[in-house]
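Each remark here refers to the structure printed beneath this line.
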Amino acid sequence: MKKSSILAAALLMAACSPQVYPLYLDVRQPSSSGLDLSRKNIAIAYMEGADTLFDRQAASSLARSLEADYFGGQQTIGLYKVPATDSLSLDTMHSLVMDTEGDVIFVMNSKLGEAAPESNQPVRNAASVDSAYVCPVAVPIATSLQIYDSMGEDKILNFKGSTVLRSKVYNSGMLTDDGIKTLARKSMAEQAEEIGERISKRFLSRWKTESFSFYYFDGLDSDKWLDALQHAADGEFKKAVDGWTPLVKSGSNVKRACAAYNIAMAFYLLDDYTLSSKWLEYAEKLENVTLGAGLRTRLKSKLEKL
């Protein structure tokens, strides 16, 4: 969840009945690929072969982009090397899940095509004899990404893409075309990070603004309600729970039920759907809280995906 702006300075006043405060938050949605990677362990493997160096660099770049989005930049995604094969079986993916302890497995395999040199041109004011000439080279590349989500359907998802990478090979002017092609292929590894970033965009989170409602009361204990609500507005949901917990133990059944509901919503926003369900159940035993039905619907949708 992204943090919301702080509470408005003025809140509606009420003597005894609960008031509702809508909190607007940006909620993580599945990526444009359709994969929901939130709250899942991710592992990335690349295949051995002629272009292993390129894939290792691209896989590392992909991992960093996913870590920045889903793990706050922490280095949590492991990189692994697997034998080259044209297609992966479900049994292989099941084994990778066991070996890597990843919930979602990415397997990358790139194939660099034949380098196509253009004319070798002299460099004006060259810094050295070895860079007296420059030859633009185009190298086609095709990349396949096979993905298995062990928490979703038992099937392998396939994503493919291709592009043309371009490089400039500086040389003495004595290199043959084959020599230029060899240097060009080696230099392609330097562009692998850009490929990894481009691939990652399909798997990054999308965001949607949603409203989450909380109860509060005005009166002798209004500061306690509003202080906890302020923590929630700041995205500090654990502190909000600490603020509402004492309110569950005192006051009328209505107030106790509203505090329990607020705690249930806070745990929902902390992605702890089990505790959220227990607190909502407790709130509804105390009193009929009108906001409970909406939270229950949200919980049902989340729990069905686990």
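The values are calculated or read from the model by the stated rules, or taken from the named source; none is laboratory data. Quick caveat, the model's predicted, so the values are computed rather than measured. Heads up, the Cβs are rebuilt from the backbone with ideal geometry, glycines too, and the neighbour counts pull from every protein chain shown.
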Practice task
For Ser150, indicate whether it is in contact with a strand residue (DSSP E or B) (Cβ under 6 Å, 6 or more places away or on another chain), of a type in the set (Ser, Thr, Tyr) and in contact (Cβ under 8 Å) with a residue 12 or more places away in the chain.
Solution key: no
Problem - Count of residues meeting criterion [out of contact with any Leu (no Cβ under 9 Å at 6 or more places or on another chain) and basic (Lys, Arg)] in the stretch 232-275 - result: 2
Fill in the blank from the handout: Output for Cβ contacts, cut-off 6 Å, separation at least six or different chains, first residue among the hydroxyl-bearing types (Ser, Thr, Tyr) in the stretch 186-197, second modelled with pLDDT of 90 or more and not in a helix (DSSP H, G or I), reads Ser187/Ser167
Practice task
Mind telling me which of the residues Lys186, Lys160, Lys181 ends up being closer than 20 Å to Asp55 by Cα, among the basic types (Lys, Arg) and out of contact with any strand residue (DSSP E or B) (no Cβ under 8 Å at 6 or more places or on another chain)?
Solution key: Lys186
Handout entry: Listing of strands (runs of 3 or more DSSP E) fully contained in the stretch 9-114 that carry 3 or more residues being within 30 Å of Trp225 (Cα to Cα)
Key = 19-29
Fill in the blank from the handout: Residue hits (the stretch 199-236; within 30 Å of Ala59 (Cβ to Cβ) and out of contact with any Gly (no Cβ under 8 Å at 6 or more places or on another chain)) are Ser200, Lys201, Arg202, Phe203, Leu204, Ser205, Arg206, Trp207, Lys208
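Which residue out of Lys278, Lys238, Lys224, Lys255 is buried (at least 21 other Cβ atoms within 10 Å of the Cβ), basic (Lys, Arg), in a helix (DSSP H, G or I) and assigned by TED's automatic domain parsing to the domain that holds Leu299?
Only one candidate passes the filter, namely Lys255.
Only residues that are in contact (Cβ under 8 Å) with a residue 12 or more places away in the chain and of a type in the set (D, E, K, R): list them for the stretch 249-275, please.
Lys255, Arg256, Asp271
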Completion exercise
Selection from the stretch 163-172 of residues of a type in the set (A, V, I, L, M, F, W, C) and either out of contact with any strand residue (DSSP E or B) (no Cβ under 6 Å at 6 or more places or on another chain) or surrounded by 18 or more Cβ atoms within 10 Å (Cβ to Cβ) (or both) yields Leu165, Val169
Problem - Odd one out for Gly179, checked against (1) free of Cβ contacts under 8 Å to residues at least 40 places away in the same chain; (2) buried (at least 16 other Cβ atoms within 10 Å of the Cβ) - result: (2)
